Amino acid sequence: DQAGLGAERAAAFDAEAYGDPSGNLSIIGDLMRALDNGEFSLSYQPKYDLRDGRITGVEALARWTHPQRGFVSPDVFITIAEETGHIRQVTDWVLRRAIVDQQRLAADGVELEMSVNISGRLLGDAAFVKAALDLASGASGKLCLEITETAVIDNADAAIAAIERFAEAGVKMSIDDYGSGLSSLAYLKRLPASELKIDKAFVMKMDAASRDALLVKSTIDLAHALGMRVTAEGVETDAALALLKGMGCDMAQGYLIARPMSVEALVEMLAGAGSAAPKPRRRRA
Ligand code: C2E
Ligand code: MG
Ligand code: MG
Ligand code: MG
């Protein structure tokens with residue numbers, strides 16, 4: 001079966017590799033089992049609309065609690081899933097669960113846009129794109145796919161075609177972690193996305209006079225000129241929030257507003273108020 005093959009492949013990969021210096025490779029074999037064993041869950045981090053002060057969406061963030069190792073960071077297991085060919089299964093699971101939770105939230109009177117992280121390479125996977133389009137067309141709520149790791153989009157034509165099909169189906173596309181690593185102007189030029197997320201590395205260091213603030217401001221203007229919505233991630237201070245608002249940034253995400261949380265905590269935070277949350281959470285508490 002698929003999980004068995006995955007485990008075999010993982011074992012081979014493990015042995016061939018570099019003696020597992022990081023201690024990470026030995027968890028590859030556990031990854032597929034983890035999905036079946038219910039070790040995966042999703043945390044949801046609110047996206048806050050700076051223009052009207054409402055929580056209008058959430059981002060689904062994958063969580064893995066390993067029975068022996070405890071919490072494993074998504075930066076670790078997503079990278080491993082990408083490198084071992086398991087990212088498709090992980091993403092299918094995340095997408096399904098996120099849509100189920102979005103419907104559950106809607107039943108509680110909370111209508112939110114659902115953002116799901118998608119590895120860039122999956123845009124070139126025709127079977128994934130078809131499955132995701134089917135899921136999206138069956139879902140009643142708004143969906144946004146945040147493209148991470150854009151550097152591995154080696155087949156740009158296929159990626160652009162996929163993004164256009166998603167757009168026709170009403171699914172938004174977002175370029176995640178913009179400005180960091182290898183995601184660059186080249187992607188803005190090539191990918192017809194509707195949202196740009198400024199990497200937290202710039203937002204966290206921002207103060208009014210800094211080079212980071214200049215870079216953030218000019219990125220916002222650039223994205224707006226291209227017709228894109230802008231979300232700043234890593235908003236941790238009132239000063240950063242005020243600065244972003246003054247710069248005309250559309251949306252903000254960060255620990256100041258809310259940390260990633262369970263769907264139950266999200267309902268508690270937002271139900272009753274509908275999707276309106278007039279103040280960042282820290283001040284409500
Ligand atoms: P990301 O998509 O850029 O998500 C933002 C990360 O920043 C999350 O880390 C979030 O918890 C963290 N964060 C949010 N606000 C703040 C803040 O104010 N300060 C600081 N210091 N950090 C903040 P997390 O959950 O550990 O996820 C890390 C990355 O793993 C994500 O970055 C994303 O690239 C990837 N990831 C997570 N879930 C998935 C998934 O289902 N699929 C894929 N392909 N990637 C995923
Ligand atoms: Mg993201
Ligand atoms: Mg990001
Ligand atoms: Mg990131």
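General observations
- Of all residues in segment 104-119, those satisfying the criterion of being modelled with pLDDT under 95 and more than 15 Å from ligand 4 (Cβ to nearest atom) are Arg104, Leu105, Ala106, Ala107, Asp108, Gly109, Val110, Glu111.
- Among residues of segment 198-209 that are closer than 21 Å to Ser174 by Cβ, those with a beta-carbon under 8 Å from a residue that is more than 12 Å from ligand 4 (Cβ to nearest atom) and open to solvent by 80 Å² or more (accessible area, probe 1.4 Å) at least six positions away or on a different chain give the pairs Phe202/Leu215; Met204/Glu236.
- Some residue of segment 207-216 being open to solvent by less than 40 Å² (accessible area, probe 1.4 Å), within 27 Å of Ala127 (Cβ to Cβ) and not acidic (Asp, Glu): no
- Options Gly53, Gly120; residue that is open to solvent by less than 30 Å² (accessible area, probe 1.4 Å), under 27 Å from Leu244 (Cβ atoms), out of contact with any Ser or Thr (no Cβ under 7 Å at 6 or more places or on another chain) and not polar (S, T, N, Q): Gly53
- Condition broken by Gly109, with the remaining ones in (1) under 20 Å from Thr56 (Cβ atoms); (2) open to solvent by 10 Å² or more (accessible area, probe 1.4 Å); (3) part of a helix (DSSP H, G or I) satisfied: (3)
- Annotation: of all residues in segment 178-204 being open to solvent by 40 Å² or more (accessible area, probe 1.4 Å) and within 11 Å of ligand 1 (Cβ to nearest atom), the one that is farthest from Ala167 (Cα to Cα) is Met204.
The values are calculated or read from the model by the stated rules, or taken from the named source; none is laboratory data. Computed from a predicted model, the values in this text were never measured in an experiment. Note: ideal-geometry Cβ built from the backbone for every residue, glycine included; neighbour counts use all protein chains shown. Calculation scope for accessible area: heavy atoms of the full protein, side chains included, ligands and nucleic acids excluded. Shrake-Rupley method; radii C 1.70, N 1.55, O 1.52, S 1.80 Å.
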